[in-house]
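Following: one structure in structure tokens, then a few remarks.
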Amino acid sequence: MTRKMKKTRNRIIGVLAAFIVLLIVDHIGLFEGLSWPVIFVIYLIPYIVIGYDVLRKAFINISHGQVFDENFLMMIATFGAFAIGEYSEALAVMLFYQIGELFQSYAVGKSRASITELMSIAPEYANVIQENGEAVETDPEEVTIGTMLLIKPGEKIPIDGIVVEGDSFIDTSAITGESVPRRVTEGGEVISGCVNKDSVLKIRTTKNYEDSTVSKILELVENASNKKSRMENFITRFARYYTPVVTIGAVLLAVIPPIMGLMPFADSVKRACIFLIVSCPCALVISVPLGFFGGIGASSKLGILVKGSNYLEAIAEASTLVLDKTGTITKGEFKVTEIIQANAEISKEEIICIAAGAEKFSNHPIARSVIEYHEELHKNNDALADDNNELTEIKEVPGHGITAKLSGEDIYVGNVKLLKANNIAFKESDKPGTIIYVAKGKVFIGTIIISDTIKEGAAKSISNVKKAGVSKVVMLTGDNDDAARVVADKVGIDEVYSQLLPADKVERVEKLLADNNSGKVAFVGDGINDAPVLMRADVGIAMGSMGSDAAIEAADIVLMDDDIGKISAVIKIARKTLAIVKENIVFALSVKILILFLGAVGIATMWMAVFGDVGVAVLAILNSMRAMKWSKEDMNG
């Protein structure tokens with residue numbers, strides 16, 4: 001609770017005590033015999049104490065031409081109550097209005113805490129290591145790529161980089177929501193915003209500050225509140241027209257019946273005051289944004305960054321979930337799982353040596369897996385390790401593979417297209433996985449099978465997504481059909497589309513959008529080639545940790561630790577949030593319409609109006625606060 005909130009709370013407690021005393025004194029008849037100006041002043045003093053800020057805001061807004069807001073409604077209604085001698089009711093309306101405002105401030109502050117916690121990840125300085133070895137505190141924005149930084153235990157990592165010296169555990173919870181510290185060693189990648197927990201690290205920066213993870217996250221958080229849901233926009237427009245209409249209605253209700261001789265002027269003013277109090281739109285204009293704010297805050301606690309309440313609303317309506325394969329369902333960690341000889345004359349070692357030699361200039365994950373397998377196979381045999389250095393004239397054929405020369409013979413390492421293009425007879429493999437064919441001197445010598453690893457818990461995550469209400473899960477991949485179907489069958493995917501280029505993925509998602517008659521289509525991806533699809537889908541979800549900057553930029557929701565188990569969590573949070581917001585709208589409008597009707601026909605009392613305004617607002621706020629409650633245990637619930 002802030003200092004201002006504590007001050008308001010103390011003011012409420014004091015005036016509430018005085019109000020109770022005044023009610024008791026009035027009830028036992030001690031005010032009898034006092035003139036109305038004396039009683040008026042007795043009630044006016046606590047009224048001013050509790051309501052001076054509301055009156056001040058109302059007058060300031062009126063002077064700026066902003067007449068019709070809740071401060072104006074409270075002022076007019078309580079002035080009217082004083083005018084007809086309803087002193088205790090006038091004080092009660094202002095008192096309970098302030099109680100409702102305090103609840104609102106507390107609820108917003110609590111929800112904002114989890115989001116502002118993200119803001120605390122911003123580093124204040126970077127220890128730049130000078131040529132003489134000294135570390136000098138520098139503004140992170142002034143640090144360039146390739147700078148050596150010193151990270152002491154307890155300090156935040158200011159900029160993304162690679163560890164060049166040291167071994168430590170880092171706390172990634174502020175970025176990913178993961179509570180278990182992650183160990184980093186020399187050569188390991190570290191991202192900004194994490195806290196070094198254990199021992200001194202030296203890192204070399206790989207990005208500028210404005211391109212680092214922490215800077216990107218802060219930018220997304222700052223922009224999140226600008227993107228309102230349809231419901232929020234509707235309530236904003238509703239309040240803009242609703243308040244003037246209600247005020248005019250109250251004036252007509254106060255003036256017309258006495259003119260027509262239907263009732264005394266005091267009774268019509270009382271009904272108009274009831275009308276004004278109960279019709280205040282506080283419950284809606286507060287509880288609806290607060291509900292969405294709570295949902296975004298609850299997501300933040302789990303390491304899920306939702307860029308706006310409109311995206312929370314959209315993911316709540318998701319009926320089709322489309323996933324990329326590599327890096328999303330699988331780890332993107334490729335391993336050679338099998339080498340098949342075409343004939344006994346060429347050994348498996350020679351096949352892998354030739355393939356590794358051809359792939360040695362490539363950084364593609366498939367190439368790296370071949371090279372790593374070769375290194376592991378020959379790490380204790382230097383002579384064999386040098387075999388693959390004899391390849392010359394290495395050329396990459398985009399989309400096909402690599403050609404080279406070995407002792408004057410042509411070497412071919414690639415896919416089906418490469419061998420067919422060079423008229424090489426070979427036996428096509430039906431093994432699942434990525435297939436590399438190797439040929440030497442126009443003779444097919446063997447096949448290398450490479451497989452990706454499915455992420456732990458991927459099948460359960462897909463199952464949870466379906467339990468959360470998604471009716472169809474689709475996988476899009478550039479891999480061959482066999483490899484795609486093996487993965488899809490293991491994790492429970494409903495439909496598979498394989499051998500797709502980035503443009504094909506966009507086309508496939510557009511078809512799903514066209515075929516989807518109800519609900520939204522959400523796409524989950526991580527690579528730079530996924531950015532177009534992330535933008536085209538109704539909701540784009542990016543893997544934040546391993547994902548490219550372009551994918552994170554294009555996405556509407558970012559999973560900070562690449563855990564696809566959190567997709568079901570954000571869907572559940574969104575659906576719970578939407579249900580709470582709808583409950584509040586129905587509840588507030590129903591109660592208000594009922595009391596408005598009763599007030600217009602003279603049945604409702606001023607106290608009922610107070611409940612219809614402040615009571616409903618407090619109950620709606622308390623209901624909205626449920627959206628903030630979410631824990632990791634709820635993910636699988």
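Miscellaneous remarks
- Residue list for segment 403-421, filter: crowded, with 17+ Cβ neighbours inside 10 Å, within 25 Å of Gly478 (Cα to Cα) and β-branched (Val, Ile, Thr): Thr403, Val413
- Count of residues meeting criterion [open to solvent by 10 Å² or more (accessible area, probe 1.4 Å), part of a helix (DSSP H, G or I) and closer than 20 Å to Leu305 by Cβ] in segment 522-541: 3
- In segment 453-469, of all residues being of a type in the set (Val, Ile, Thr) and crowded, with 22+ Cβ neighbours inside 10 Å, the one that is farthest from the chain's Cα centre (by Cα) corresponds to Ile462.
- Where a residue in segment 408-429 is over 21 Å from Thr392 (Cα atoms) and its partner, wherever it lies, is open to solvent by 80 Å² or more (accessible area, probe 1.4 Å) and part of a helix (DSSP H, G or I), with Cβ under 8 Å and at least six apart: none
- Within segment 355-365, the set of residues being touching a helix residue (DSSP H, G or I) at 6+ places or on another chain (Cβ under 9 Å) and either part of a helix (DSSP H, G or I) or at pLDDT 85 or above (or both) comprises Ala355, Ala356, Gly357, Ala358, Glu359.
- Those residues of segment 422-452 which are aromatic (Phe, Trp, Tyr) and either in contact with a Lys or Arg (Cβ under 8 Å, 6 or more places away or on another chain) or surrounded by fewer than 18 Cβ atoms within 10 Å (Cβ to Cβ) (or both), in sequence order: Phe444
- Among residues of segment 144-157 that are among the charged types (D, E, K, R), those with a beta-carbon under 6 Å from a residue that is part of a loop (DSSP other than H, G, I, E, B) and open to solvent by 50 Å² or more (accessible area, probe 1.4 Å) at least six positions away or on a different chain give the pairs Lys152/Val200.
- Among the residues of segment 470-489, those identified as open to solvent by 40 Å² or more (accessible area, probe 1.4 Å) and farther than 17 Å from Ile450 by Cβ are Ser471, Lys472, Asp489.
- Residue within segment 580-600 that is polar (S, T, N, Q), surrounded by fewer than 22 Cβ atoms within 10 Å (Cβ to Cβ) and farther than 26 Å from Ser309 by Cα present: no
- Test: Asp452 is of a type in the set (D, E, K, R) and touching a helix residue (DSSP H, G or I) at 6+ places or on another chain (Cβ under 8 Å): yes
- Complete set of residues in segment 490-521 that are over 27 Å from Lys467 (Cβ atoms), open to solvent by less than 60 Å² (accessible area, probe 1.4 Å), part of a helix (DSSP H, G or I) and hydrophobic (A, V, I, L, M, F, W, C): Val506
- For the residues Gly303, Gly308, Gly332, Gly327, the requirement of being surrounded by 24 or more Cβ atoms within 10 Å (Cβ to Cβ) and touching a residue at least 24 places away in the same chain (Cβ under 8 Å) singles out Gly303.
- Subset of segment 70-89 (residues that are free of Cβ contacts under 8 Å to residues at least 24 places away in the same chain and either over 45 Å from the mean Cα position of the chain (by Cα) or open to solvent by 40 Å² or more (accessible area, probe 1.4 Å) (or both)): Phe79
- Residue match in segment 278-292 (condition: outside any helix (DSSP H, G or I) and within 30 Å of Ala459 (Cβ to Cβ)): no
- The lone exception for Met263 - which of (1) under 15 Å from Val581 (Cα atoms); (2) touching a Pro at 6+ places or on another chain (Cβ under 8 Å); (3) aliphatic (A, V, I, L, M) it fails: (1)
- In segment 140-156, the residue that is farthest from Thr205 (Cα to Cα) out of those that are among the hydrophobic types (A, V, I, L, M, F, W, C) and part of a loop (DSSP other than H, G, I, E, B) is Val143.
- Residue check, Leu559 over 23 Å from Ser309 (Cβ atoms), at pLDDT 85 or above and open to solvent by less than 40 Å² (accessible area, probe 1.4 Å): no
- Considering segment 253-262, and only residues there that are open to solvent by 40 Å² or more (accessible area, probe 1.4 Å) and farther than 17 Å from Ala83 by Cα, the residue that is nearest to the chain's Cα centre (by Cα) turns out to be Ile256.
- So Ala92, is it at pLDDT 80 or above and over 43 Å from the mean Cα position of the chain (by Cα): no
- Residue within segment 179-201 that is closer than 30 Å to Ile159 by Cα, modelled with pLDDT under 75 and not aliphatic (A, V, I, L, M) present: yes
- Selection status of Ile352, within 14 Å of Thr447 (Cα to Cα) and modelled with pLDDT of 85 or more: yes
The values are calculated or read from the model by the stated rules, or taken from the named source; none is laboratory data. Just so you know, these numbers come straight off a predicted model, no measurement behind them. Note that each Cβ is placed from the backbone with ideal geometry, even for glycine, and that neighbours are counted across all protein chains shown. Ligands, DNA and RNA are excluded from the accessible area calculation, which covers all protein heavy atoms including side chains. Shrake-Rupley method; radii C 1.70, N 1.55, O 1.52, S 1.80 Å.
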